[in-house]
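Below: the structure, in structure tokens.
The values are calculated or read from the model by the stated rules, or taken from the named source; none is laboratory data. Predicted model only: the values in this text are computed from it and were never measured. As a convention, Cβ positions derive from the backbone with ideal geometry for all residues, glycine included, and neighbour counts pool all protein chains shown. Heads up: the accessible areas ignore ligands, DNA and RNA and are worked out on the full protein's heavy atoms, side chains in. Shrake-Rupley method; radii C 1.70, N 1.55, O 1.52, S 1.80 Å.
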Amino acid sequence: MAKIGRERQGELLRNVLEVLAAEGQPLPASEVLKRVEARVVLTEHEAADYPSSPGVRRFEKIVRFSTISSVKAGWLVKEKGHWSITDEGEEALHKYADAADLIREAGRLYRKWKKSRDEVRDLDEVEDVDALASSTTTLEEAQEASWDEISSHVAEMNPSNVEGMVAGLMEAMGYHVGWRATGGPDGGVDLIAHNDPLGTTKPRIKVQVKRKQDRVGAESLRSFLGILSPEDVGIFVSTGGFSNEAVRLARDEMRQVTLLDLRALFDLWTEFYDRIDEEHRQLLPLTEVYFLTPPE
């Protein structure tokens, strides 16, 4: 018999959505779980470890399980260890004030998503939440642990090596890096690339690379835009991401500029990994691992 009801799951889901709505940007899953715990009173059951897995607390897995339907409903996005709320999620948060109504609507949308699939599982009828929560969240936790390791590795890299990563990636994508800063004043440009080996065709691509923990703000982006001529294309790479104001500035800018945070950079790195030369590949070497995923 389940020791946690759907209403409690709805309460936990509501807190997850409220935390993300208040933040206004993606948060690491571990931080979301920490903030939710600070907002609710854990039951004795939730606070306890799994008997078969000492040191593994039920609470975190129950919260993760309680968000499954909201992901399929399009309210919550989980990507590379970060969770974020969608516009639809914010709308549902305001529309369904009652926790039971919230989880019920998430379940309805989940069933709609599952309708055309085999082995439809109705989350409303799950009897052993503990067992299912434990088994269905393992892959999610493994993905988050993997991303934490990757992001920590990049955070500890020499800034010059991060620039090397970007240069190697651009070469793998078919561009020709004709100039790279080698220390000292660089005028705000770390790489200059072209579409051909001699650099005779336009546009010229100017790249700035920032390996940092905090987000790049609009002022730094304005400085970068100031060195772009009308015939240049700009790429700004920031492993710490960009402020909302910087994103809006880039979106409204007449000159062509692309912003790449660590997640976008990593997506390109994995997409072109087989084409990256071995020297540059060793800056962020990857191994593909396969998991058996249970049917949804």
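When the helix-only estimate is applied to the chain (DSSP H runs of n ≥ 4, each -39,500 (n - 2.57), divided by the residue count), what is the mean residue ellipticity at 222 nm, nearest 500 deg cm²/dmol? So the helix-based figure for the chain works out to -14500 deg cm²/dmol. Considering the dipole of the chain built from charges on the beta carbon (Lys and Arg +1, Asp and Glu -1) around the Cα centre, which of Ala73, Ser220, Ser146 is farthest to its positive end? Among Ala73, Ser220, Ser146, the one farthest towards the positive end of the dipole of the chain is Ser220. Put a plus charge on the Cβ of each Lys and Arg, a minus charge on the Cβ of each Asp and Glu, and nothing anywhere else: the dipole of the chain about its Cα centre is then about 500 debye.
Here the Karplus curve 6.51 cos²θ - 1.76 cosθ + 1.60, taken at θ = phi - 60°, turns the phi angles of segment 71-82 into couplings of 5, 5, 6, x, 8, 9, 10, 10, 8, 6, x, 10 Hz, with x standing for Gly and Pro. Given their separation in residues at 0.36 nm each and the Cα-Cα distance between them, Leu42 and His153 gain 36.5 nm when the chain is fully extended.
When the Cα positions of Phe272, Leu259, Leu17 are compared along the charge dipole of the chain, Leu259 comes out farthest toward the positive end, with charges on each C-beta of Lys, Arg, Asp and Glu. Potential lengthening of the chain between Glu278 and Lys112 amounts to 55.1 nm, from the contour at 0.36 nm per residue minus the alpha-carbon distance.
Considering only alpha-carbon pairs that sit under 8 angstrom and 6 or more positions apart, the relative contact order computed for segment 146-296 is 22 percent. Solvent-accessible area assigned to carbon and sulfur over the chain amounts to 49 percent, based on a 1.4 Å probe.
Pairs Lys61/Lys95; Lys80/Lys206; Lys34/Lys112; Lys34/Lys61; Lys34/Lys115: which are spaced more than 24 Å apart, C-alpha to C-alpha? Over 24 Å Cα-Cα: Lys61/Lys95; Lys80/Lys206; Lys34/Lys112; Lys34/Lys115. Remark: relative contact order (the chain) = 14 percent; criterion is Cα-Cα distance under 8 angstrom and separation of 6 or more residues.
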